[in-house]
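Values in this text are rule-based calculations from the coordinates and carry no lab data. Here the structure is a predicted model, which means the values were calculated and not measured. Reconstructed Cβ throughout: ideal geometry from the backbone, glycine too, with neighbour counts over all protein chains shown.
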Amino acid sequence: MFPASRSIVSCVVRDFLRLTAISGLSAVCAVSQAGTDVPMGSNSWFIGLGGGVSGIYLPRDTVINNGVNLPPPNHQDTATMNNPSASNVQLEAGYRWHRAIPYFPYAQWALQYRHYANVKISGTLNQFSSPGFDNYHYQLKYEADLFTIAGKVDLFQCKRVLPYLSAGIGAVINHVNSYSETALLNVTPRTSPDFQGNVNTKLALTLGAGLDYLMTENTWLTLGYEHVFQGNTKSGPGVDSWSSTAFNIGNTKMDTLFISLSANIPAALKG
């Protein structure tokens, strides 16, 4: 058998085994919950509240034009960047559908809002991008507001637990401000670039997975993970001789772990 054929057969067998395993687990769950007091949801509008922690992933470093008339790369400073963490709070409201079938028993869409707070980006600034010129530590603040329209589907139900996948699209509003820098020992402080604050809006895409838990017919607990994709983020311009440049944070990504509680809106409130 040719190598390409073996690869195709291997992929088919692997995917078949995965599907068989999922089917078997779903069947076992269906049997195990038969005759038990497992709450069943219904088609309904819902609201939810949650919070969690996020990892903010930035490029390893960034370059800043320093305004000095020197050949490359000395006409730029290089700043390292850490990968900070953030606390977050989130709100959502949407509609959930229920179907009495083994696979994909629930699906939903929701308008979601999440605020990322208390992020400190910091690192070392290397003047002229030259060895031996790591002369400053810097710090700036970052926060973000994420607005998305998200869809979610529960894959199957095992008693009260439902694994799910989700995806969303929307916009993220980035807030960058409060730049400061401190000269290292034996370095004469320069006039700070004092990069100004900036607010910019970028397209955001999300992918997620997690577990739903049916507490009651109308109350759900969710433990989830979500990855957020967005574009470049930067500060406002500096002052004086730095007015034509900015601190470019670069391509910003977020990994979020969260827990949320959602409740169906009572029929009386639905009119």
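Descending by average beta-carbon neighbour count within 10 Å, the peptides 108-116, 184-192, 89-97 line up as 108-116, 89-97, 184-192, the highest first. Rounded to the nearest whole Hz, the Karplus-based 3J(HN,Hα) values (6.51 cos²θ - 1.76 cosθ + 1.60, θ = phi - 60°) of segment 184-197 follow the sequence 6, 4, 6, 10, 6, x, 8, 6, 5, x, 6, 4, 7, x, with x at glycine and proline.
The HN-Hα couplings worked out from phi for segment 62-71 by the Karplus form 6.51 cos²θ - 1.76 cosθ + 1.60 (θ = phi - 60°) are 9, 10, 10, 4, 9, x, 8, 7, 10, x Hz, whole numbers, x standing for Gly and Pro.
In terms of the Cα gyration tensor, with a ≥ b ≥ c the square roots of its eigenvalues, is segment 45-84 rounded because a/c is under 1.5, prolate because a/b exceeds b/c, or oblate?
Here segment 45-84 falls in the prolate category.
Applying the Karplus relation 6.51 cos²θ - 1.76 cosθ + 1.60 with θ = phi - 60° to segment 204-219 yields 3J(HN,Hα) values of 10, 10, 10, 10, x, 7, x, 10, 9, 10, 7, 6, 9, 4, 10, 10 Hz, where x marks Gly and Pro. Divide the volume of the convex hull around the Cα atoms of segment 41-264 by the residue count and you get 119 Å³ per residue. Could you pull out every one of the lysines with an alpha carbon less than 19 Å from that of LYS234, ignoring same-chain neighbours closer than 8 positions? LYS234 reaches LYS120, LYS141, LYS202, LYS253. Taking a sphere under 12 Å around the Cβ of ALA204 and counting the other residues whose Cβ falls inside, with K and R at +1 and D and E at -1, yields a net charge of +1. All C-alpha to C-alpha distances of segment 153-271, sorted into 5 Å bins beginning at zero, yield P(r) values of 2, 9, 13, 13, 11, 11, 10, 8, 7, 6, 5, 3, 2, 0, 0 percent in whole numbers.
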